[in-house]
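A short worksheet on the structure shown next.
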Amino acid sequence: LLHPDKQEQNTDSVDPLPVIRYAISVCKNAGRSAQCKIRYEGPESLQYVQIGSTELTQILVNLLTNAAHAIGMSGNTRREVIVSASTRRDHIEFTVADTGGGIPSEILEKIGTPFFSTKTDEIIGSHA
């Protein structure tokens with residue numbers, strides 16, 4: 001959740017829509033590898049948010065890449081990642097949803113633990 005900029009635009013404010021579109025374009029190869037489509041669903045105009053474009057891009061690229069990897073590991077035939085955004089009273093809500101298999105409860109409990117990952121060495125690029 002990011003709060004819209006209520007003041008005049010400054011260097012720490014960004015129009016999130018071009019950043020969303022850019023992040024989707026950066027993740028096209030991850031989507032292609034997972035044989036899934038990554039798309040935006042939401043309004044064509046959003047309020048500026050108080051975050052740098054680099055930080056917002058990093059957040060979105062990480063979420064989109066993780067979602068594409070999750071779909072790639074699932075057997076689901078509907079393969080899609082959807083980024084959506086909506087304006088609430090005092091903030092903009094971003095959602096990244098995928099049609100992957102979901103997270104098993106035993107793994108869900110571990111999310112947030114430092115260095116925890118469900119990715120194999122091949123996916124995260126580490127070498128033994």
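Does residue 120 meet the test of being modelled with pLDDT of 90 or more and open to solvent by less than 70 Å² (accessible area, probe 1.4 Å)? When the stated conditions are applied, residue 120 does not pass them. Mind checking which residues of region 94-113 are part of a loop (DSSP other than H, G, I, E, B), open to solvent by 60 Å² or more (accessible area, probe 1.4 Å) and farther than 18 Å from residue 33 by Cβ? Those that are part of a loop (DSSP other than H, G, I, E, B), open to solvent by 60 Å² or more (accessible area, probe 1.4 Å) and farther than 18 Å from residue 33 by Cβ: 102, 103, 109, 110, 111, 112, 113. Helices (runs of 4 or more DSSP H) fully within region 15-93 that include at least 3 residues being in contact (Cβ under 8 Å) with a residue 40 or more places away in the chain and either surrounded by 15 or more Cβ atoms within 10 Å (Cβ to Cβ) or within 12 Å of the chain's Cα centre (by Cα) (or both): 16-26, 53-73.
Taken over region 84-110, residues that are within 30 Å of residue 48 (Cα to Cα) and at pLDDT below 85 amount to 2.
The values are calculated or read from the model by the stated rules, or taken from the named source; none is laboratory data. All figures in this text were calculated on a predicted structure; none of them were measured in a lab. Reconstructed Cβ throughout: ideal geometry from the backbone, glycine too, with neighbour counts over all protein chains shown. When the accessible area is computed, the model is the full protein with side chains, heavy atoms only, and any ligands, DNA or RNA have been set aside. Shrake-Rupley method; radii C 1.70, N 1.55, O 1.52, S 1.80 Å.
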